[in-house]
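**Student:** One structure, pasted below without further comment.
The values are calculated or read from the model by the stated rules, or taken from the named source; none is laboratory data. Because the structure is a prediction, the values reported are computed rather than measured. Ideal geometry is used to build each Cβ from the backbone, glycine not excepted, and the neighbour counts take in all protein chains shown. To get the accessible areas, we keep the full protein, side chains included, count just its heavy atoms, and leave off ligands, DNA and RNA. Shrake-Rupley method; radii C 1.70, N 1.55, O 1.52, S 1.80 Å.
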Amino acid sequence: MSILANHFLGQLIQRFLAHEVPGLAAQLSFYFILAIFPFFIFSFSLLAYLPISTEEVLRFLSQYVPREALPVLETNLRSVLDVKRGELLSLGFIVTLWSSSNGSWAIMHALNRAYDVAEKRSFIHARLVSFFLTFSMAIALAIALLLPVFGKWIGYWLFSLLGFTEAFLKVWSLLRWLISFAVILVIFAYLYFVAPNKKLSLDEVWPGALFATLGWHLVSYLFSYYVSNFGNFSATYGSLGGIIILLFWFYLSGIILILGGEINALLQLKRQKPS
């Protein structure tokens, strides 16, 4: 088993270098930084009509975004969440969705590289896919946000409605976070299923999605810990320190995301080889 694992790891490293994953991740991080604020405007303009405070959104994001990068996001989030901007849900909706879909567009090209396939979908078809991915991720983000924020209230409601014991509330306090984790897992699986220009089954995308979910949480935690305790980006980059941290976090996230696609592609290649 260890020989097979070492062989698979060696092939994955070869693909990592041959497909220039660090360079692709750098491209992704650039598109992410361009798309993140339009995506937040699009997503949180919808959330502004729900009973969710800006502080609750920031607490949720602080689980993943490095603490030093949060001020970069906070000002923009407050301008969106604290004011109900109906115009963003009308004429500006299309423009905002187009800008925020650039991140999904970049992911599609990166995963095509993982499978060694060309983008043969028409421009309109590919753009529609990127729009749909962006819209779906916005809905999933809302679900992932609502569960931690309102999970305790939902637990008490189920407790009183169904007559569960007090032990249920303790289990539910853990379960609601696991459900939020599962939502992120589904987001990655959905990306790996839809984004590449290749027909895939759901069974073929779960290994990479599980790796990306666990890897992204781990990398986000370790990078945030490093920045908080050892890194001094402000001393090097001054007022740009927060932007640099956010960009570097996007870069690491991009590597994890592409590696998940490479794992799926390599597993599919092995299944297609005659034994």
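**Student:** Could you state how much accessible area residue 248 has, in square angstrom rounded to the nearest 10, with a 1.4 Å probe and all protein chains kept in place?
**Tutor:** Residue 248 has an accessible surface of roughly 90 Å² with all protein chains in place.
**Student:** Using a Förster distance of 22 Å, how high is the FRET efficiency between residue 124 and residue 33, based on the Cβ-Cβ distance and rounded to 0.05? Let's see the in-between values first.
**Tutor:** On the way: r = 26 Å, r/R0 = 1.19.
Computed FRET efficiency for residue 124 and residue 33: 0.25.
**Student:** Still on this structure: For 270, 120, give me the order by solvent-accessible area with a 1.4 Å probe, most accessible first, ignoring ligands, DNA and RNA.
**Tutor:** Details: 270 75, 120 170 Å².
Result of the area sort, largest leading: 120, 270.
**Student:** Could I ask something else about it? Please compute the modelled spin-label separation between residue 174 and residue 200, points set 7 Å along Cα→Cβ, answer in nm with one decimal.
**Tutor:** 3.1 nm
**Student:** To continue, here is another question. Treat each spin label as a single point 7 Å out from the Cα along the C-beta direction, and report the residue 240 to residue 132 distance in nm.
**Tutor:** 4.0 nm
**Student:** Let me ask something else. How do 225, 31, 251, 192 stack up against each other in accessible area, from largest to smallest, with a 1.4 angstrom probe?
**Tutor:** Numbers: 225 115, 31 85, 251 55, 192 5 Å².
In descending accessible area the options line up as 225, 31, 251, 192.
**Student:** With a 1.4 Å probe and all protein chains kept in place, how do 74, 20, 262, 204 rank by accessible area, largest first? The partial results should precede the final answer.
**Tutor:** Values: 74 60, 20 110, 262 0, 204 35 Å².
Result, largest first: 20, 74, 204, 262.
**Student:** Now, a different point. For residue 218, tell me the accessible area in Å² from a 1.4 Å probe, rounded to the nearest 10.
**Tutor:** Near enough 100 Å² of accessible area.
**Student:** Let me ask another. How far is it, in nm, from the label point at residue 116 to the one at residue 273 when both lie 7 Å from their Cα along the line to the Cβ?
**Tutor:** The modelled label-to-label distance comes out at 1.1 nm.
**Student:** OK, next. Residue 7: accessible area at probe 1.4 Å, nearest 10 Å²?
**Tutor:** The accessible area of residue 7 comes to roughly 100 Å².
**Student:** Where does the charge balance sit around residue 197 when Lys and Arg score +1, Asp and Glu -1, over other residues with C-beta under 12 Å from its C-beta? Don't skip to the end; give the middle numbers.
**Tutor:** Details: positive: 113, 120, 121, 198, 199; negative: 116, 119.
Every neighbour counted, the sum reads +3.
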